[in-house]
1. Out of the range 424-459, which residues are within 15 Å of G128 (Cβ to Cβ) and charged (D, E, K, R)?
2. Would you please list the contacts, defined by Cβ atoms under 7 Å and residues six or more apart or on different chains, that run from a residue in the range 39-56 that is outside the structural domain of R156 (by TED's automatic domain parsing) to a residue that is assigned to a strand (DSSP E or B) and surrounded by fewer than 18 Cβ atoms within 10 Å (Cβ to Cβ)?
3. Quick check, is R398 in contact (Cβ under 8 Å) with a residue 40 or more places away in the chain and among the charged types (D, E, K, R)?
4. Here is a check on your reading of the model: is V338 assigned by TED's automatic domain parsing to the domain that holds V237 and outside any loop (DSSP other than H, G, I, E, B)?
5. Test Y458 against the stated conditions and say whether it is crowded, with 19+ Cβ neighbours inside 10 Å, over 18 Å from V72 (Cα atoms) and touching a residue at least 24 places away in the same chain (Cβ under 8 Å).
6. Out of all the residues in the range 252-260, is one or more within 21 Å of A159 (Cβ to Cβ) and surrounded by fewer than 21 Cβ atoms within 10 Å (Cβ to Cβ)?
7. What number of residues within the range 414-439 are touching a residue at least 24 places away in the same chain (Cβ under 8 Å) and assigned to a helix (DSSP H, G or I)?
8. Restricting the first residue to the range 313-340 and requiring it to be touching a residue at least 24 places away in the same chain (Cβ under 8 Å) and more than 15 Å from V357 (Cβ to Cβ), which pairs with a second residue that is outside any loop (DSSP other than H, G, I, E, B) and charged (D, E, K, R) meet a Cβ separation below 8 Å and a spacing of at least six or different chains?
Amino acid sequence: MTTLHRGRIFHVAGAPSVHDAADHLAHYPDGGLAVDADGTITWCGHWADRPAEFADAVVEEHVGCYLLPGFVDTHMHFPQVDCGDSYGGGQLLEWLTHCIFPSEAKLADEAYARGAAREWVNRMVTAGTTTGLIFGSQFPSAQDALFEEARERGIRIIAGRTIQTVGPDAAIPLMTSEERAIDLVRDEIERWHPSDVTDRAASLQMVAVAPRFSLSVTPTTLAALGELYDEYRGRGVYFTSHLNENNRPGTGEIDLVKKQYSVRSYLDTYDGRFLPGSAVGGASLLGRRSVLAHAVHCQDAELARMAETGTSIAHCPVSQLFLGSGTMPWSRTVASGVNVAIGSDFSAGDEWFIPSVLNACFKVHISEPDDAGLSLHPAVLLFLGTLAGARALDLEDRIGNFDVGKDADFVVVDPSRWDHYSNTLTRGSRPTDPMAARDALLFTSLMAMREITLVRTYVRGRRLVSRHADD
């Protein structure tokens, strides 16, 4: 049986680049979204134009509501579920030492980890994050809890245990030997990643190889990870890590990576060039299912190499504000051709709700200094939080917009849940030109939206719900 969902629809249709997202913005003020029994989209358009074949369809009336594609978050940290807004007394490395390593160690307790997994999925559901690329726990039982909870609840995740083989004393509870690290990643892939392309098309849970960052591993670890990734790349396994986040001179992440590895660029360490002088020491970890978070302080050559290999950037503006990391230069980054998607980076980012992250994204880029500042088009913002994320995760054929044949991952936003939002949308001034009015409405709807207004989350046409601890 087909279900027709009726409401105001916005999505970025087709397969545009970020540069022409505005030309692909679709808006149906009174729209319909047809979803078949398998959770596949079979039609999207103006309600008045719905095909006769849907005359007997079940109708879900979302009166006064907005229907948007499910949000895709390309950078999250599961073991940090309970440590948002933690004060570390400094920037990235101090925050990791004083706040994050102790918090992540708590997931060694299986009962705590199961509660954390339930809370994590609840937050994804209530935030409308239908797909997340997640740094997981170092503890296998915690990772099993996350995957089991996601499978039972029907939410789409790509997760990988956070790999750490070296680090400060505070990270010792999270560290393993290099040999053990590879064994644990292999075990996780065999346990939770689809076994072939056919299974991958049906699966909602997949695995990523996820070293925390280059300072948390050694050349030996990177060489072994490259061999492992080459072995599993054909099965669609992902790679994710951090890149060029903090550039405090001398003691920041970037300078320390270059000093530790004696390389010309941070990216070289992930590109198999992790030996002194950026000599090749192993296989590259870059590629179409590789996502590197932040990329705030990249060299032009690094951006070009990411674009060449199909590697994507998870842009995390809220996190970059929270840790004082700076602002990813928008125009220079997208001009390189690299795909940029949005990431919350919870818990360094203290927002779960992707529209709130997009709100920050608009503000930081309009505030870039001198001629670099620009006003991002609202279609670009929507693109970043939906279709660009699907592209980064090599899932563009399945999610990201409402094109026919894709999975029906979507959210329902009800402005009546918050008077301020509803009044802003209905009473605010709009341009008289229809296209400009459309763009202005989308801008306000994204920028002013808050989690309280998101009332339903669907994955493959199935409505997801939060669960209490005793459910």
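The values are calculated or read from the model by the stated rules, or taken from the named source; none is laboratory data. Values in this document were obtained by computation on a predicted structure and should not be read as measured data. Note: ideal-geometry Cβ built from the backbone for every residue, glycine included; neighbour counts use all protein chains shown.
1. Correct list: R450, E451, R456.
2. G39/R462; H46/D30; W47/D30
3. yes
4. When the stated conditions are applied, V338 does not pass them.
5. It is false that Y458 is crowded, with 19+ Cβ neighbours inside 10 Å, over 18 Å from V72 (Cα atoms) and touching a residue at least 24 places away in the same chain (Cβ under 8 Å).
6. Scanning the range 252-260 turns up no residue that is within 21 Å of A159 (Cβ to Cβ) and surrounded by fewer than 21 Cβ atoms within 10 Å (Cβ to Cβ).
7. Residues meeting the conditions: 8.
8. Correct list of pairs: R332/D300; S336/D300; N339/R391.
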